[in-house]
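These notes are about the structure you will find just below.
Rule-based calculations on the coordinates, nothing more; no lab input. Bear in mind that the values here come from a model prediction, so they are computed numbers and not experimental data. Neighbour counts are summed over all protein chains in view; Cβ atoms, including those assigned to glycine, are modelled from backbone coordinates with ideal geometry.
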Amino acid sequence: MGYYWLTLNLFGAALTAIDKLLAQKHRWRIPEAALFAAAILGGSLGVLVCMLLTRHKIRKPLFILGIPVLFLIQFLLLLDMQ
């Protein structure tokens, strides 16, 4: 379970960072649904940390509220599994 969580968080952070770079270059972007999918599948912490570090998607209420809520739910589920 640990490797799955680590991989998904690294993947979510990478997707968010790549989307930020693409936005700066005014290029084709990664769909928001893909960023949310990575977060929902377990990469919410990676997406959240990268959002805050790169200041990406922080003006979008769906992201600034939704991603932390997903993280909280996933964190509580992990605690319950132990």
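Please report how far the C-alpha centroid of the stretch 25-65 lies from that of the stretch 2-19, rounded to the nearest whole angstrom. With the stretch 25-65 and the stretch 2-19 each reduced to a Cα centre, they are spaced 11 Å. Mean residue ellipticity at 222 nm, helices only, the chain: -25000 deg cm²/dmol; runs of at least 4 DSSP H residues each add -39,500 (n - 2.57), and the sum is divided by the number of residues.
Computed from point charges on the beta carbon alone (+1 for Lys and Arg, -1 for Asp and Glu), the dipole magnitude for the chain about its Cα centre is near 500 Debye. Packing, taken as the mean count of other beta carbons within 10 Å per residue, orders the peptides 71-80, 31-40 from highest to lowest as 31-40, 71-80.
For the chain, hydrophobic long helices are taken as DSSP H runs at least 18 Å long by C-alpha position along their axis with mean Kyte-Doolittle hydropathy of 0.5 or more; these are 2-24, 61-81.
Highest mean first, the peptides 45-51, 6-12, 19-25 sorted by other C-beta atoms within 10 Å per residue fall in the order 45-51, 6-12, 19-25. In this structure, Leu53 and Leu77 have a Cβ-Cβ separation that, at R0 = 30 Å, corresponds to a calculated FRET efficiency of about 0.75. When the alpha carbon gyration tensor of the stretch 2-81 is reduced to an equivalent ellipsoid, the three semi-axes, largest first, read 22, 13, 9 Å.
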